[in-house]
Amino acid sequence: MTLRTAPPDRPLTDRIRPEHEPYNLREYEKHGGYQGLRKALKMAPQEVTALVKNAGLRGRGGAGFHTGVKWGLVPMDGSAKQKYIVANGDEMEPGTFKDRLLLEGDPHQFVEGIAAAGYAIGATVGYVFLRAEYFLAAERLRKAIAECYAHKLLGEDIQGSGFTFNLYLHTSAGRYICGEETALISSLEGKRAVPRAKPPFPAQSGLFGKPTVVNNIETLCNVPHIVLYGAEWFRSISKSVDGGTKIYGASGKVKRPGAWELPMGTTAREILEEHAGGMRDGLKLRGFLPGGASTDFLTADHLDLAMDFDTIAKAGSRMGTGQMIVLDDHTSVVGMLRNLEKFFATESCGWFTPCRDGLPWTERILRDLEAGKGRPGDLELLQQQTRLLGPGRTFCAHAPGAMEPLQSALKYFRADFERGIAGTAPAKVA
Amino acid sequence: MLTPEEIKEIEHELAHYEQPAAATIEALKIVQKHRGWVSDEAVADIAAKLGTSPASVDSVATFYNLIYRRPVGRHVIHVCDSVSCWVMGQTRLSDALQQRLGVKLGETTTDGRFTLLPICCLGTCDRAPAMLIDQDTHRDLESVEDHRLDAILEKYK
């Protein structure tokens, strides 16, 4: 077994070979795989948690909660007989495709990460909650899990450490709300994916009422590297106060849509202009959603901002998943918002009435504005929706997420909406 | 009645959970894999197997996008209608499919070959627009010439 001489700058994608089968267990171990887990098993669980805390790893699912802090909320005094670790691989945030690439490209990296995380919080069972349509990721993950069972890297007494960890794959049947961590827990219990009130937080009472940690796939993939190379190294590969790299992405009418692992805090300009190749010929950038459908628009004025959680929050948006959706000057803003709000309306779980009824209402107003049949007062109505369905007024984050692109579009592109009111010039249509 | 094979597969999944009813989604997917859809009778049979009520199983079955409570065609086409695909022209793709197949979204062709459904983001936004036919993702469908669409559909008999 070889340990590499220098730690990698791009740890998450270091072993991924595009268009190739992922490394099997033997190849993965040859390239330094399962060294992180082996090292973790020789540490005290709380030491692993402290290391992750010091590394400054923040949740890559979009909320950016400190991973080590989340783990630290789990009781470690022996009071809980059963604890669970759950990987959130629902990835249904429109515009987001990073977890699929990680699972298809290097499934063992993920398995190693969730096993180490399970060890840190004292969970003996882990579940991978994977969205239904990721068939290839599911197939490769099943194969990796089977290899690990066959080589005592999963199951009873892993590598003679006394630590037992069983890992099961749950493939979903499709609903966006499953990505919300308490809704995901409901779904894993075989119920409708309805979110739960917090507190209690999952770390105290989660799956089947047991202490549970839910972490995003990309988050967990970072864990073996942090254990192996240390907190200082993890902070050194970042350009931001938060540690590590980030799988950034871009979709829309850029020259080369894709995903790239770059230092956390890389600017939006570098991602969109260097890596995505800039806009297609003849098109101009009007705005972008920095990290999925449920984040506020930013504009060309924000391109020099560092894509990290705090910087993007200060600019009035969220980094979210870091996978940008680009709006060009030939695409209808109102049409794009109508598409987004239709998505959120369809995917509301229906539990919270203002969400269930307010989102389709919003969609109808936008549909009229898109067709040039809006009424005077529609913009004020939309503005009101963004307040009534905003943070602090709803049962979960679904409706506030839906309002983020809308409130920012009304701020930056108001004239486009005004043109949709009947009797004025027709709305600009692509 | 559940078949012995379905029962065996459901029992395998049951073993992974503290509570039998947690395997409801797996059980629905197993039955659908074998029969194409989930009938009222299957809902009742799954409920009996998992020790829960048919109403409870049906509340789950009707919640999730990919459990079919009505018969579908031999192949199901899911065309992505989320934002990245929309920006890249998914409306053209969706219109072309509806025209080619002579059905609207949510309908099945008269020969029972295809059911056409919308679906939210397939997670392949860098190669939009995209659609899923059975378990195959088809990408880069920005310009859909008739012959290209036909060549894709031809693979599904």
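The values are calculated or read from the model by the stated rules, or taken from the named source; none is laboratory data. In this text the structure is predicted, and so the values were computed from the model without any measurement. Glycine also receives a Cβ, built like all others from the backbone with ideal geometry; neighbour counts cover every protein chain displayed. With ligands, DNA and RNA removed, areas are computed over all heavy atoms of the protein, side chains included. Shrake-Rupley method; radii C 1.70, N 1.55, O 1.52, S 1.80 Å.
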message: Under 17 Å from a point placed 7 Å out from the Cα of B:K8 along the Cα-to-Cβ direction: which residues of region A:154-171 have their backbone N that close?
response: none
- prompt: Rounded to the nearest 0.05, what FRET efficiency is calculated for A:Q383 and B:A48 with R0 set to 41 Å and r the Cβ-Cβ distance?
  reply: 0.20
- prompt: Taking amide hydrogens as modeled 1.01 Å from N in the peptide plane, which residues meet the under 5 Å criterion relative to A:T267, leaving out close sequence neighbours?
  reply: A:M307
- prompt: Hey, what angle do you get for helix B:4-14 against the long axis of chain B, alpha-carbon based, 0 to 90 degrees rounded to 10?
  reply: 90 degrees
field: By accessible area with a 1.4 Å probe, ligands and nucleic acids excluded, highest first: order of A:D328, B:D150
entry: B:D150, A:D328
task: Counting only DSSP beta bridges with both residues in chain B, tell me the antiparallel percent, nearest 5.
output: 55 percent
query: Taking the simple approach of a point 7 Å from Cα along Cα-to-Cβ for both A:K198 and B:E18, what is their distance in nm?
result: 1.9 nm
query: Once label points are set 7 Å from the Cα along Cα→Cβ at both A:A300 and B:R139, what is their separation, rounded to one decimal in nm?
result: 3.0 nm
- line: Expressed per residue, the solvent accessible area of chain A in Å² (1.4 Å probe) is about 37 Å²
query: Which FRET efficiency, nearest 0.05, do B:D40 and B:K104 yield, Cβ-Cβ r, R0 25 Å?
result: 0.45
- request: Compute the Rg to Rh ratio over the protein assembly as shown from the alpha carbon atoms, using the Kirkwood formula for Rh, and round to two decimal places.
  value: 0.96
Kirkwood Rh, angstrom, region A:205-269 [1 / mean 1/r, Cα pairs]: 14.0 Å
Entries of A:K191/B:K49; A:K70/A:K314; A:K191/B:K155; A:K342/B:K104 with Cα pairs more than 25 Å apart: A:K191/B:K155
query: Counting DSSP beta bridges in the protein assembly as shown, what percent are antiparallel, to the nearest 5?
result: 45 percent
- prompt: For region A:25-236, how big is the tail of P(r) above 23 Å, as a whole percent of Cα pairs?
  reply: 40 percent
- request: Describe numerically, in nm with one decimal, the distance between label points set 7 Å from Cα along Cα→Cβ at A:E19 and at B:E154.
  value: 2.4 nm
- prompt: Over all Cα pairs of region A:39-89, how is the pair count split among 5 Å bins, expressed in % and running from 0 up to the last occupied bin?
  reply: 4, 17, 24, 28, 18, 9, 0
query: Which residues make up the longest stretch of chain A clear of GluC sites (Glu not before Pro) that lie in a DSSP loop with no more than 12 other Cβ atoms within 10 Å, not counting the sites?
result: A:157-430
Label point 7 Å beyond Cα of A:H330 along Cβ direction - residues of region A:233-266 with amide nitrogen under 13 Å: A:253-255
message: Whole-Hz ³J(HN,Hα) for each residue in region A:320-330, computed from phi via Karplus 6.51 cos²θ - 1.76 cosθ + 1.60 with θ = phi - 60°, x for glycine and proline: what do you get?
response: x, 8, x, 10, 7, 10, 9, 9, 9, 7, 9
task: Send over the semi-axes of region B:75-154's equivalent ellipsoid, whole angstrom and largest first, taken as the square roots of 5 times the C-alpha gyration tensor eigenvalues.
output: 19, 13, 11
task: Round to the nearest 10 and give me the degree value, 0 to 90, for the angle of helix A:217-229's Cα axis relative to the longest principal axis of chain A.
output: 40 degrees
- line: So the angle from the long Cα axis of helix A:353-370 to the longest Cα principal axis of chain A, reported in degrees to the nearest 10, equals 50 degrees
message: Could you give the length gained by full extension between A:R269 and A:F65, i.e. 0.36 nm per residue of separation minus their alpha carbon distance, to one decimal place?
response: 70.9 nm
field: Counting all C-alpha pairs of region A:245-328, share separated by more than 16 Å (%)
entry: 40 percent
